Amino acid sequence: MPRWSGEKNGRTHQTEKYFEESSSGAQLEINELKQREFQEKLHETEQFLEGSSNHVQSLEQELWDHNKTSEF
């Protein structure tokens, strides 16, 4: 009976176990990369929002200063 017929021997079992362990290690790496990418995007977003907030505050101050000096 050929080995590929579905009959498992010790070597086949070891090979399957090796690939299972390899694939779970690869999945962990993928998850870590996704997490790192997410953290980088989050940091970029936080910086953008901080910059936007500072810009809005600057515009508010300009408007306030303009309104103080303008007559209606």
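The values are calculated or read from the model by the stated rules, or taken from the named source; none is laboratory data. The structure displayed is predicted, hence computed values, not measured ones. Note that each Cβ is placed from the backbone with ideal geometry, even for glycine, and that neighbours are counted across all protein chains shown.
Would it be correct to say that G10 is at pLDDT below 80 and of a type outside the set (S, T, N, Q)? Judged against the criteria, G10 is a match.
Looking across H43, H66, one residue alone is modelled with pLDDT of 90 or more, loosely packed, with under 10 Cβ neighbours inside 10 Å and assigned to a helix (DSSP H, G or I). It is H66.
Look at segment 43-57: where a residue is at negative phi, no partner that is surrounded by 10 or more Cβ atoms within 10 Å (Cβ to Cβ) and part of a helix (DSSP H, G or I) sits 6+ places away or on another chain with Cβ atoms under 9 Å.
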